[in-house]
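The values are calculated or read from the model by the stated rules, or taken from the named source; none is laboratory data. As the structure is a prediction and not an experimental result, all values here were calculated from the model. When we count neighbours, we look across all protein chains shown, and the Cβ atoms used for this are built from the backbone with ideal geometry, even at glycine. The accessibility values were calculated without ligands, DNA or RNA, using every heavy atom of the protein model including side chains. Shrake-Rupley method; radii C 1.70, N 1.55, O 1.52, S 1.80 Å.
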Amino acid sequence: MRRALVSQAAPAYASVLSWQALRQGDTGRDVYTLQYLLREAGQTLSIDGIFGSGTDTAVRAFQGARGLTVDGIVGGNTWEALIKTVRQGDSNNAVRALQDQLKNGYGYTSVTVDGAFGPATDAAVRDFQTSRGLGADGIVGLNTWHGLVTGASTAGSTSGTTSTRDLASQILNHPRIQLSTSSSTTGGSPRQNILDTINGVPVKRGCKDAPNCGLTTTLKRSMLEGLLKMANAGNTIYITSFAGGSHSQYSDHYAGLALDIGIWNGTSLSTPNSAHTAARNACIAAGSDAGQTFNAYNDPKGHSNHVHCAWN
């Protein structure tokens, strides 16, 4: 799934956080969340995790009803208009959206997706909030929803779940991971992206044809964990890009879900060679999306001089 983080312009609402921008053609956990929230807002649509024509119609109807830009793109303004604060005792589709994220997105197996916010859901919410440096009050408001949808972590864990800060620190100090210090995006080099993540601030990202567009994102847990898994398996990896640089318009780089490898186990990937295949296979084994993991042999036009690995 290709995603970008944006805040869409709107006449009646201005988003305050950076969210995953979803649009027709996207799939995955966040699409389930979107669909449940649209149902809670009174729209009729299927809950299948696929952003198809039915979801597009529902999004546009919701945007029109709320005075938002009617473009079918679920950016910051649309997300924040959809968000509904829920807490123990509530029973609705917003609770189902919450439970689906907790159970299927974050592995809280004690949670049942039944729409009833009971003690098990409350315990999972408080644990999630603690691990993300949020106020552990069991109330799922704007910041907790944002943490669930973006996967962002703002503090170290006290509950056994490694935070994105901690993962980034492991990457910075890993003897088998080298991070480039250069990028066409000012402040957007891989090393700086990791340092910003350690410091709990959004990372600088580029744009297609405009590497210094002034936008930010967060590096996601799945990608960071995948990189560490490859390094811990004994591979030496030189990273040339996380979020910075110019990529395709809706690149997973801009959602903090992709990395580019320039050197694999001492072999440069600047030209097609067997290390391209080895690096791609290692990324897939570490959980990257095979359909969005490219090298000189699967996407020679765009990836002849590096390996691109993207996670969901």
Exercise for the section: Tell me, please, whether a residue that is basic (K, R) and surrounded by fewer than 17 Cβ atoms within 10 Å (Cβ to Cβ) can be found in the stretch 300-311. Expected result: yes
Practice task
Could you name every one of the helices (runs of 4 or more DSSP H) located completely within the stretch 25-108 that has at least 1 residues being basic (K, R), crowded, with 21+ Cβ neighbours inside 10 Å and within 23 Å of the chain's Cα centre (by Cα)?
Solution key: 93-100
Completion exercise
Restricted to the stretch 274-300 and to residues being among the polar types (S, T, N, Q) and without any contact (Cβ under 8 Å) to a residue 12 or more places away in the chain, the residue farthest from L215 (Cα to Cα) is S274
Handout entry: Set S189, S241, S182: member being without any contact (Cβ under 8 Å) to a residue 24 or more places away in the chain and within 13 Å of D260 (Cβ to Cβ)
Key = S182
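Table: residues versus (1) at pLDDT below 95; (2) open to solvent by less than 50 Å² (accessible area, probe 1.4 Å); (3) over 16 Å from the mean Cα position of the chain (by Cα).
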{"position": "S246", "(1), (2), (3)": "yes, no, yes"}
{"position": "S251", "(1), (2), (3)": "yes, yes, no"}
{"position": "W264", "(1), (2), (3)": "no, yes, yes"}
{"position": "S268", "(1), (2), (3)": "no, no, yes"}
{"position": "N273", "(1), (2), (3)": "no, yes, yes"}
{"position": "H276", "(1), (2), (3)": "no, yes, yes"}
{"position": "N281", "(1), (2), (3)": "no, no, yes"}
{"position": "D289", "(1), (2), (3)": "yes, yes, no"}
{"position": "N298", "(1), (2), (3)": "yes, no, yes"}
Problem - Restricting the stretch 210-228 to residues that are in a loop (DSSP other than H, G, I, E, B) and more than 13 Å from Q170 (Cβ to Cβ), the residue that is least open to solvent (accessible area, probe 1.4 Å) - result: K220
Problem - Of all residues in the stretch 109-136 being charged (D, E, K, R) and part of a helix (DSSP H, G or I), the one that is least open to solvent (accessible area, probe 1.4 Å) - result: D122
Exercise for the section: Please state which of the following conditions A231 fails to meet, knowing it meets all the rest: (1) modelled with pLDDT of 95 or more; (2) open to solvent by less than 10 Å² (accessible area, probe 1.4 Å). Expected result: (1)
Practice task
Go through T55, T78 for me and flag whichever is closer than 21 Å to S18 by Cα, among the polar types (S, T, N, Q) and touching a residue at least 24 places away in the same chain (Cβ under 8 Å).
Solution key: T78
Practice task
Return the total of residues in the stretch 140-161 being part of a loop (DSSP other than H, G, I, E, B), at pLDDT 85 or above and surrounded by 17 or more Cβ atoms within 10 Å (Cβ to Cβ).
Solution key: 0
